[in-house]
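Just below is one structure, and these are the notes that go with it.
The values are calculated or read from the model by the stated rules, or taken from the named source; none is laboratory data. Small disclaimer: the values here were computed from a predicted structure and weren't measured. Neighbour counts run over all protein chains shown; Cβ positions are idealised from the backbone, glycine included. Accessible surface is based on the protein model in full, side chains and every heavy atom, while ligands, DNA and RNA are left aside. Shrake-Rupley method; radii C 1.70, N 1.55, O 1.52, S 1.80 Å.
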Amino acid sequence: MAQSPTSSELADAVRDDRSLRRFLHGLPGVDQVGLEQRAAGLGTRSIKKDAKLQAIDTAISMVDLTTLEGADTEGKVRALCAKARRPDPARPDTPQVAAVCVYSDLAATAVRALEGTGIHVASVATAFPAGRVAQAIKLADVEHAVAAGADEIDMVIDRGAFLSGRYGQVFEEIKAVKAACGDAHLKVILETGELATYDNVRRASWLALLAGGDFIKTSTGKVSPAATLPVTHLMLQAVRDWRDTTGELRGVKPAGGIRNTKDAIRYLVAVHEVAGPEWLTPELFRFGASSLLNDLLMQRRTQLDGHYSGPDYVAVD
């Protein structure tokens, strides 16, 4: 296993653009075969029946229930918030989800619908999903979402700048967005499906952490591939090594393409084995999902009732 960077190396990395480039390109190269084999191996781990219900409840509590469509309405968001508060009305012991994630113009609607529940309101910002506008507009987008009451901001990095090697530009933009967030937590979306290589995923993860991201997030959900286990392994390694170096805990959010309970449990196994049990909490691990919750609820009923209930017993909205 590669050694974590030292605290002095982290301090030196952010001195200037040249130091940042030297640090990012000095990170250990990713063994693609080894990474994918380990991800596949952990994905075959079985969980005993008594632990499966606990895993399902943990996964439910980590869901960022998401709607990010051009046709979104206030009514749809209110319905989503009702689902977030009581995911399975027939089972009041079902955990609430971690957050509801919407566009910034609907953040205020979500805030009103979730008042007093403890469920977070996450808003995508910075011209999600492409991020192809001037930085001033991106910051205004963030400020609008925070003013509406969003306490989590999901930003997108400038992938064009990153892939062109303009790491300092990406770093400074993340820092500026973090400042605009105020007390809101910042999730930095890397859009790993556009980064082309595992080495780039590792570099982008460290760049986001250095710039102050509270979470690193795989994807917008608008690009294929979205979240994958190998990519999530790399990001979990990054936050683990960041903790080992700085003592600070940062989170990871895979988003897009995680649709069933079996997949969610594979990710939870990866969290436990790669980062550690400390990360098995909504404060440090989230699932960005729109359809995953329904399957978790169906499988939860199966565990409790001893038979499969089917999708008709779970509300879609």
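Considering every residue within the stretch 236-243, establish whether at least one is in a loop (DSSP other than H, G, I, E, B) and open to solvent by less than 50 Å² (accessible area, probe 1.4 Å).
No: zero hits.
Against the conditions (1) surrounded by fewer than 23 Cβ atoms within 10 Å (Cβ to Cβ); (2) in contact (Cβ under 8 Å) with a residue 12 or more places away in the chain, where does K253 fall short? Just the number, please.
(1)
Table: residues versus (1) touching a Phe, Trp or Tyr at 6+ places or on another chain (Cβ under 9 Å); (2) more than 28 Å from E152 (Cβ to Cβ).
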| residue | (1), (2) |
| --- | --- |
| D16 | no, yes |
| R21 | yes, yes |
| L27 | yes, no |
| L53 | no, no |
| D57 | no, no |
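Tally up the residues in the stretch 10-50 that are in a helix (DSSP H, G or I), without any contact (Cβ under 8 Å) to a residue 24 or more places away in the chain and open to solvent by 40 Å² or more (accessible area, probe 1.4 Å), please. Even if it seems obvious, please write down each step before you answer.
Filtering the stretch 10-50 for residues in a helix (DSSP H, G or I) gives 10-13, 17-26, 32-42, 49-50.
Right, trim to without any contact (Cβ under 8 Å) to a residue 24 or more places away in the chain and you get 11-12, 18-19, 22, 26, 33-34, 37, 41, 50.
Applying the additional criterion that residues be open to solvent by 40 Å² or more (accessible area, probe 1.4 Å) yields 11-12, 18, 22, 26, 33, 37, 50.
Qualifying residue count for the region: 8.
Limited to the stretch 35-45, what total is found for residues that are over 21 Å from the mean Cα position of the chain (by Cα) and either among the hydroxyl-bearing types (S, T, Y) or within 19 Å of S205 (Cα to Cα) (or both)?
1
Note down all Cβ pairs under 8 Å where the first residue falls in the stretch 192-216 and is hydroxyl-bearing (S, T, Y), the second is assigned to a strand (DSSP E or B) and open to solvent by less than 20 Å² (accessible area, probe 1.4 Å), and they're at least six residues apart or on different chains.
Cβ pairs passing all conditions: S205/I216.
Tell me which residues, restricted to the stretch 153-163, are open to solvent by less than 10 Å² (accessible area, probe 1.4 Å) and more than 19 Å from the chain's Cα centre (by Cα).
A161, F162
Scan the stretch 167-194 for residues that are open to solvent by 10 Å² or more (accessible area, probe 1.4 Å), in contact with a strand residue (DSSP E or B) (Cβ under 9 Å, 6 or more places away or on another chain) and of a type in the set (A, V, I, L, M) and jot them down.
Matches in the stretch 167-194: A180 only.
Name the single residue, out of those in the stretch 195-217 being under 13 Å from the mean Cα position of the chain (by Cα) and over 25 Å from S8 (Cβ atoms), that is surrounded by the most Cβ atoms within 10 Å (Cβ to Cβ).
K217
Quick grid of which residues meet (1) over 17 Å from the mean Cα position of the chain (by Cα); (2) open to solvent by less than 30 Å² (accessible area, probe 1.4 Å); (3) at pLDDT 95 or above:
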| position | (1), (2), (3) |
| --- | --- |
| T117 | yes, no, yes |
| T126 | no, yes, yes |
| Q135 | yes, no, yes |
| D151 | no, no, yes |
| G165 | yes, yes, yes |
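Just one of V102, V97 is open to solvent by less than 60 Å² (accessible area, probe 1.4 Å), part of a loop (DSSP other than H, G, I, E, B) and either farther than 22 Å from H185 by Cα or modelled with pLDDT of 95 or more (or both); which is it?
V97
May I ask you to verify whether A82 is touching a helix residue (DSSP H, G or I) at 6+ places or on another chain (Cβ under 8 Å), open to solvent by 10 Å² or more (accessible area, probe 1.4 Å) and more than 21 Å from G251 (Cβ to Cβ)? Spell out how you get there, then give the answer.
Values: touching a helix residue (DSSP H, G or I) at 6+ places or on another chain (Cβ under 8 Å): yes; open to solvent by 10 Å² or more (accessible area, probe 1.4 Å): yes; more than 21 Å from G251 (Cβ to Cβ): yes.
Criteria met by A82.
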